[in-house]
2 protein chains.
Amino acid sequence: MKFNTFLLFLFIAITFLFLFARNHPPFAPPPDVIALLDCAPDSPSPWCIRLQSNKPPHVSDTPNHPLDPLTIKEINMVRSILSSHALFNSSNPYAFHSIDLEEPHKEQVIQWTKADPLPPRLASVVARVDGHSHLFTVNLETTQVTVHNTVPRSGYPTLTFEDLTSTIWAPLSNAEFNRTITNRGVDLADLACLPMSLGWYGKKEEGRRLIKIGCYSKKDTPNFYMRPIEGLIVLLDMDTKEVLEISDQGRNIPIPKAANTDYRYAAQQQKLNLVNPISIEQPKGPSFVVEDEHLVKWANWEFHLKADPRAGVIISRAKVRDPDTGEMRNVMYKGFTSELFVPYMDPTDAWYFKTYLDAGEYGFGLQAMSLDPLNDCPKNAYYMDAVFAAADGKPYVQPNMICVYESYSGDIGWRHTESPITGMEVTLVVRMAASVANYDYIVDWEFQTDGLIRVKVGLSGILMVKGTKYENMRQVPEQENLYGTLLSENVIGVIHDHYVGFYLDMDIDGSDNSFVKVNIKRQDTSPGESPRKSYLKAVRNVAKTEKDAQIQLKLYDPSEFHVINPTKKTRIGNPVGYKVVPAATAASLLDHDDPPQKRAAFTNNQIWVTPYNRSEQWAGGLFTYQSHGEDTLAVWSERDRPIENKDIVVWYTLGFHHIPCQEDFPIMPTVSASFDLKPVNFFERNPILGVPPNFE
Amino acid sequence: MKFNTFLLFLFIAITFLFLFARNHPPFAPPPDVIALLDCAPDSPSPWCIRLQSNKPPHVSDTPNHPLDPLTIKEINMVRSILSSHALFNSSNPYAFHSIDLEEPHKEQVIQWTKADPLPPRLASVVARVDGHSHLFTVNLETTQVTVHNTVPRSGYPTLTFEDLTSTIWAPLSNAEFNRTITNRGVDLADLACLPMSLGWYGKKEEGRRLIKIGCYSKKDTPNFYMRPIEGLIVLLDMDTKEVLEISDQGRNIPIPKAANTDYRYAAQQQKLNLVNPISIEQPKGPSFVVEDEHLVKWANWEFHLKADPRAGVIISRAKVRDPDTGEMRNVMYKGFTSELFVPYMDPTDAWYFKTYLDAGEYGFGLQAMSLDPLNDCPKNAYYMDAVFAAADGKPYVQPNMICVYESYSGDIGWRHTESPITGMEVTLVVRMAASVANYDYIVDWEFQTDGLIRVKVGLSGILMVKGTKYENMRQVPEQENLYGTLLSENVIGVIHDHYVGFYLDMDIDGSDNSFVKVNIKRQDTSPGESPRKSYLKAVRNVAKTEKDAQIQLKLYDPSEFHVINPTKKTRIGNPVGYKVVPAATAASLLDHDDPPQKRAAFTNNQIWVTPYNRSEQWAGGLFTYQSHGEDTLAVWSERDRPIENKDIVVWYTLGFHHIPCQEDFPIMPTVSASFDLKPVNFFERNPILGVPPNFE
């Protein structure tokens, strides 16, 4: 969580430098950072060679599908069209916060076939002009620009890289700030700062775009996150770069000198060759193809796959083949990560505001990093690039942002012993990894041949830690709340939660579906009815309106959650459906009136169902930054609209509580959780019996 | 789960025939079953060739470790010693229900080193002699036999194969039974019957060993489970083979004629070649070794592994290497599947009693089947045989009962983007699969290099279904409770639960440990304290006595569950520990006074902690069959003994609710759930940073 400091920015910068020399942005990485990445221009490291390699530059890409993302040409066209628009024509300062495909209406997409021309290509543009946020639709065919009068009551658009990079060093122009750093014994040359979204905590913070800056010492370590200048927070106006406030409440806290902060292999004293080489081999190559850049076809599945600056990965039009009819059947119109929420559990001055909404504030896709072959994805993986727009409206390529591969872990797909009948499970995985500053999120969409989709989130990376005067738990008075765990000398890992909210527009054999809560209830028997006193019974409740579908999971009041097509039955009369299958998760326990919880109110429930509405895609609201929580999933759902036999969207929130432990220092092993979308009476019978057993 | 019919019995029989021709049991498989298994003696099928292959017959095995299971020689010695014992010397009928190693006392095992001689080898024997259950210890050195006067107030020992096979056909000697079958239109030649444990439902069923028999038609299908002769249940005295009662309440229900019941690949009309060949390759071979038959060493782990007739797989003395000191540190003294509970949710006459305790009633290890290479376990797997004792006391080999392999699914062990630092996860998997009749359980113990142990249970196999007159849901009156889902014409999949209870004798750096509930609680801020209204705080509660550690999981009152060594601290003063990390699970909702729930009261909580006691290993009691629930984990825990800083055992119950759906017909795709044992301040820091990144 938190923003990916100058390192990320520089990573992008380096990418720019190598790939888009002609679109050279107005900054250059300091040489020490290049050294840090081991990526001097002549570096022999495979990582650097990959970065420098000649990826297809995408300049001649054309869209092939109504849902294909904007191409480089199209983004350039948007910029050119808008440059002649009155708003951008003046000398007013402006910045593009998002230039993204405005997807055609659902019916258009559903009706479209490959033989048809594409529907008109539209761009959805979020820009700030002269201190005001605007939402435009740009028609690339007609060049028409529509300005939407949907200025939100609160909130600002997603930060641009320029917002982040320009604010990091702004405090250095403030003499008091420089004195403070020097007083802490930190050489200004060792300074590393992070721009942190500040949430919203009342009037004082309204009416202007603000950001908070926290700083670290990178002396003697690449892992400056472990060297916080504790208690120092600078409040900055992002538009004027003015320092509004310097809060320095940590003067008595030393910069941690904890050893072993370097996580790089070269720095490890103990080199561990624990296992022999191992790889997944496919002598005939992978079994999937990616047609027209975005259409993935594998086994009995096909879906459209693209990168998105805000959502990261978007899966659309997911269809599975019916083994009996051969027909490709609709399962999900669109699925993606809608919002994240990462509240830290420390109410003190330098920490209370750390309650990040990563997708809306920073852009989950913008923070997604190039995947490292063999380490982030196994052999035979296919890599997909992203094309995004910078703040000046110029397109750039984020290489290898998504990978697609087949996984085979040795899990058994099904078995029964009476005959040698079993099948080993091969799954298709779509992966991205976002480093939102210190934290790394790995999002996997896994497709199984039995029709199951597993959505898995892995957390790794570096903890956001707090400096402390304590070097040993012995020194801590019993009643003192550390707000976390002492991880090393002077370093506390602060307790925090992670929530990842998914948008799941399920279309089971068509758009109009119903949500059915199949409640598992104890039924006591009547006297004399049975030697048993009790048994469990499934009670089906069709959700009529949104409030019927606000679900908090309970182990002792369990349910299945079916999305069914009420108008389509199986041969023997069960409605066809898919179920949302929660697994390990965590619920937010914060006060619903606490400002961060209001803004992240999508975490008030684990499941929600809303009627499909083009404008309701972002669970924390379209303009999330400094928002007050007026445009969230929770607000929409309170309208309690009818959802029975309608085009519905299911929202699932996956949660983690994280009490850090020493094993998370200086970088944490991956923790994963998942949920499933699983056929339930969707197929007439087990769809994978025809898969042959394995022989040598 | 029910018992594994004649097919299983015949599978065993075939194994016997091929491997132990000289120990030929008193039965022979009918030719049609050999054909069914495609395993005629001259069959070219790899499955059959494996069965017929010359596995090392284990006749010269000797024990190398105090925990090594009894060898063939030792089992023969037990039989020989007991044959001269007064009880077996008479002409009274007897049967051995279990001949298993009586493990040496913990201290002896812990102190033992490879240079030492083995402690005296003892056998624990459960036998029925002249209608009475006995528990013996046989000392193989001194030949001394100790008879334990621990006859339980209720319950009988685990069924023997002979109990099962001899009861299946017993009803055929009853004319009324034969008439009933014929009246149902089933040819006696098509009859397939299952012996089903009947639980305990009161006085009528006390004082003698009873079993219930349910029957099926195997006409036109190998999957007779889908052709129940619904409502017909025979109550049988197991010792006299007397038919006590024939209940036939299903005369109006046809034998289901549902199509597509055959699950074998050869029978599938749709052959699905969905994916190209894929395999896990290890050019230098696996990274683990198995020393002295039972000691597994892999990466930073070592543990003792053996098969057990009741528990299935037993992992002992699991130790992980500390990367800093190089020392092998104790994590778990012993871990195994202690009991299963599978209640069906139908209170009617032919179903109410189906509330199986599979381990205690049938023997989870006895039901474990030979694993099929490439289909049950991937390439490079190592297979371990089991040596068990039959009812006559003769040893036999269950080949390939356990496999050990390395898994590499492409999951990321840890990552951070600022430098190309990530590690792909390779895990070691120990697997067994038990077919308890229709159901298949797959139990995996997965070891990770970061110190995590994941225990995963997969469910597959065939549903226990119920016949019905309905062919379509249209025909079902709205108010009628089917007790399940219509899966195909005339076939209902009855709702049921699965619970798998694990015994986890954790010894974190020594035997004396404490159990700490780290409760995550909302803390409201005081007025003026913070702009935040609330945050979460970790509150540590050390469990003093057993009742403090009876845990029901709550999403909205979450905790971490640490097993710590209170006398050993990390460098910075945190107690070293492991935590039990629950994931998706289900809780039993049955009335605590319902007879099946009393017998399976280990499912009343998800976690329990007891002080170590040699005699408390089986959560459903030592003599589970027809038990009244007087010797269960719940009863022991109610003693509320002290557990702080003591040698403690953690019990975890993993649960599944299963509302069947059509995809489960005629055989279900695997459903899995797991829990983790995870280091928490056990290591000073992330123990896997020294693992090198992957390069081609």
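The values are calculated or read from the model by the stated rules, or taken from the named source; none is laboratory data. This structure is a prediction, so every number in the text was calculated from the model and none was measured. Ideal geometry is used to build each Cβ from the backbone, glycine not excepted, and the neighbour counts take in all protein chains shown. What goes into the accessible areas is simple: the full protein's heavy atoms, side chains included, and nothing from ligands, DNA or RNA. Shrake-Rupley method; radii C 1.70, N 1.55, O 1.52, S 1.80 Å.
Could you give every pair whose Cβ atoms fall below 7 Å, whose first residue belongs to the stretch A:573-586 and is within 14 Å of B:Ala586 (Cβ to Cβ) and facing chain B (nearest Cβ under 8 Å), and whose second residue is outside any strand (DSSP E or B) and of a type outside the set (Val, Ile, Thr), counting only separations of at least 6 or pairs across chains?
Here the result reads A:Pro582/A:Leu553; A:Pro582/A:Gln606; A:Ala583/B:Ala583; A:Ala583/B:Ala584; A:Ala584/B:Ala583; A:Ala584/B:Ala584, each pair linking the stretch A:573-586 to a residue that is outside any strand (DSSP E or B) and of a type outside the set (Val, Ile, Thr).
Would it be correct to say that A:Ala258 is within 14 Å of another protein chain (Cβ to nearest Cβ), assigned to a loop (DSSP other than H, G, I, E, B) and touching a strand residue (DSSP E or B) at 6+ places or on another chain (Cβ under 7 Å)?
Yes: the conditions hold for A:Ala258.
Hey, can you tell me all the residues within the stretch A:199-217 that are of a type outside the set (Gly, Ala, Ser), buried (at least 22 other Cβ atoms within 10 Å of the Cβ) and not in a strand (DSSP E or B)?
Passing the criteria: only A:Trp200.
Is there a residue being at pLDDT 95 or above, open to solvent by 10 Å² or more (accessible area, probe 1.4 Å), in a strand (DSSP E or B) and among the aliphatic types (A, V, I, L, M) anywhere in the stretch B:337-345?
no
Can you name every residue in the stretch A:134-149 that is assigned to a strand (DSSP E or B) and more than 28 Å from the chain's Cα centre (by Cα)?
Filtering the stretch A:134-149 for residues assigned to a strand (DSSP E or B) gives A:134-139, A:145-148.
Matches in the stretch A:134-149: A:Asn139, A:Val145, A:Thr146, A:Val147.
Within the stretch A:389-412, is there a residue that is over 24 Å from the mean Cα position of the chain (by Cα) and either under 30 Å from A:Asn605 (Cβ atoms) or not in a loop (DSSP other than H, G, I, E, B) (or both)?
yes
Taking A:Tyr352, is it open to solvent by 10 Å² or more (accessible area, probe 1.4 Å), free of Cβ contacts under 8 Å to residues at least 40 places away in the same chain and outside the structural domain of A:Phe88 (by TED's automatic domain parsing)?
no
Given the condition over 30 Å from B:Thr485 (Cα atoms), open to solvent by less than 10 Å² (accessible area, probe 1.4 Å) and in contact with an Asp or Glu (Cβ under 6 Å, 6 or more places away or on another chain), answer yes or no: does some residue in the stretch B:380-389 qualify?
No - not one qualifying residue is present in the stretch B:380-389.
Conditions tested, residue by residue: (1) open to solvent by 10 Å² or more (accessible area, probe 1.4 Å); (2) out of contact with any Phe, Trp or Tyr (no Cβ under 9 Å at 6 or more places or on another chain); (3) in contact (Cβ under 8 Å) with a residue 24 or more places away in the chain.
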{"position": "A:Thr610", "(1), (2), (3)": "no, no, yes"}
{"position": "A:Arg614", "(1), (2), (3)": "yes, yes, yes"}
{"position": "A:Trp618", "(1), (2), (3)": "yes, no, yes"}
{"position": "A:Gly621", "(1), (2), (3)": "no, yes, yes"}
{"position": "A:Glu630", "(1), (2), (3)": "yes, yes, yes"}
{"position": "A:Ile648", "(1), (2), (3)": "no, no, yes"}
{"position": "A:Pro660", "(1), (2), (3)": "no, yes, yes"}
{"position": "A:Phe682", "(1), (2), (3)": "no, no, yes"}
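Looking at the stretch A:118-152, which of the residues that are in contact with a Gly (Cβ under 9 Å, 6 or more places away or on another chain) and aliphatic (A, V, I, L, M) is nearest to A:Asp100 (Cα to Cα)?
A:Val125
Only residues that are touching a Phe, Trp or Tyr at 6+ places or on another chain (Cβ under 8 Å) and over 29 Å from A:Glu406 (Cα atoms): list them for the stretch A:262-287, please.
Scanning the stretch A:262-287 gives a single hit, A:Lys271.
So, of the residues in the stretch B:333-353 that are among the hydrophobic types (A, V, I, L, M, F, W, C) and more than 19 Å from the chain's Cα centre (by Cα), which turns out to be farthest from the other protein chains (Cβ to nearest Cβ)?
B:Ala350
Yes or no: A:Gly131 of a type outside the set (A, V, I, L, M), within 25 Å of the chain's Cα centre (by Cα) and at positive phi?
no
So how many residues does the stretch B:587-602 have that are more than 9 Å from chain A (Cβ to nearest Cβ) and more than 17 Å from A:Arg532 (Cα to Cα)?
The number of residues fulfilling the criteria is 1.
With respect to the numbered conditions (1) more than 13 Å from chain A (Cβ to nearest Cβ); (2) open to solvent by 20 Å² or more (accessible area, probe 1.4 Å), which one is the sole condition not fulfilled by B:Val500?
Exception for B:Val500: condition (2).
Which residue, of B:Val476, B:Val443, B:Val491, is over 30 Å from B:Val581 (Cα atoms), open to solvent by less than 10 Å² (accessible area, probe 1.4 Å), within 12 Å of chain A (Cβ to nearest Cβ) and β-branched (Val, Ile, Thr)?
That would be B:Val491, the only listed residue that is over 30 Å from B:Val581 (Cα atoms), open to solvent by less than 10 Å² (accessible area, probe 1.4 Å), within 12 Å of chain A (Cβ to nearest Cβ) and β-branched (Val, Ile, Thr).
Identify the single condition in (1) more than 9 Å from chain A (Cβ to nearest Cβ); (2) assigned to a loop (DSSP other than H, G, I, E, B) that B:Arg685 does not satisfy, given that it satisfies every other one.
Of (1) more than 9 Å from chain A (Cβ to nearest Cβ); (2) assigned to a loop (DSSP other than H, G, I, E, B), only one is false for B:Arg685: (1).
I'd like to verify a number: residues in the stretch B:261-272 that are more than 7 Å from chain A (Cβ to nearest Cβ) and either closer than 21 Å to A:Pro283 by Cα or in contact (Cβ under 8 Å) with a residue 60 or more places away in the chain (or both), how many?
Of the residues in the stretch B:261-272, 2 are more than 7 Å from chain A (Cβ to nearest Cβ) and either closer than 21 Å to A:Pro283 by Cα or in contact (Cβ under 8 Å) with a residue 60 or more places away in the chain (or both).
Just to be sure I understand the filter: pairs with C-beta atoms under 9 Å, separated by 6 or more residues or on different chains, first member in the stretch B:165-176 and on the phi < 0 side of the Ramachandran plot and in a loop (DSSP other than H, G, I, E, B), second member among the aliphatic types (A, V, I, L, M) and open to solvent by 20 Å² or more (accessible area, probe 1.4 Å). Which pairs pass?
B:Asn174/B:Val243; B:Asn174/B:Ile246
For the stretch A:248-272: of the residues being at pLDDT below 85 and among the charged types (D, E, K, R), which is surrounded by the most Cβ atoms within 10 Å (Cβ to Cβ)?
A:Arg264
If you scan the stretch B:525-537, which residues turn out to be at the interface with another protein chain (Cβ under 7 Å from one of its Cβ atoms) and open to solvent by 40 Å² or more (accessible area, probe 1.4 Å)? Steps first, answer last, please.
Quick first cut of the stretch B:525-537, residues at the interface with another protein chain (Cβ under 7 Å from one of its Cβ atoms) only: B:525, B:529-537.
Across the stretch B:525-537, the qualifying residues are B:Glu529, B:Pro531, B:Lys533, B:Lys537.
Conditions: (1) surrounded by 24 or more Cβ atoms within 10 Å (Cβ to Cβ); (2) farther than 22 Å from A:Pro693 by Cα. A:Val404 meets all but one. Number of the miss?
(1)
Take the residues in the stretch A:221-247 that are among the acidic types (Asp, Glu) and open to solvent by less than 20 Å² (accessible area, probe 1.4 Å); name whichever of them is nearest to the other protein chains (Cβ to nearest Cβ).
It comes out as A:Glu230.
Go through the stretch A:642-663 and report how many residues are within 20 Å of A:Val342 (Cα to Cα), at the interface with chain B (Cβ under 7 Å from one of its Cβ atoms) and not in a loop (DSSP other than H, G, I, E, B).
Number of matching residues: 1.
Of all the residues that make up the stretch A:503-524, how many are closer than 24 Å to A:Lys456 by Cα and either part of a loop (DSSP other than H, G, I, E, B) or open to solvent by 10 Å² or more (accessible area, probe 1.4 Å) (or both)?
3
Among (1) free of Cβ contacts under 8 Å to residues at least 24 places away in the same chain; (2) open to solvent by 50 Å² or more (accessible area, probe 1.4 Å), which single condition is B:Val275 missing?
Exception for B:Val275: condition (2).
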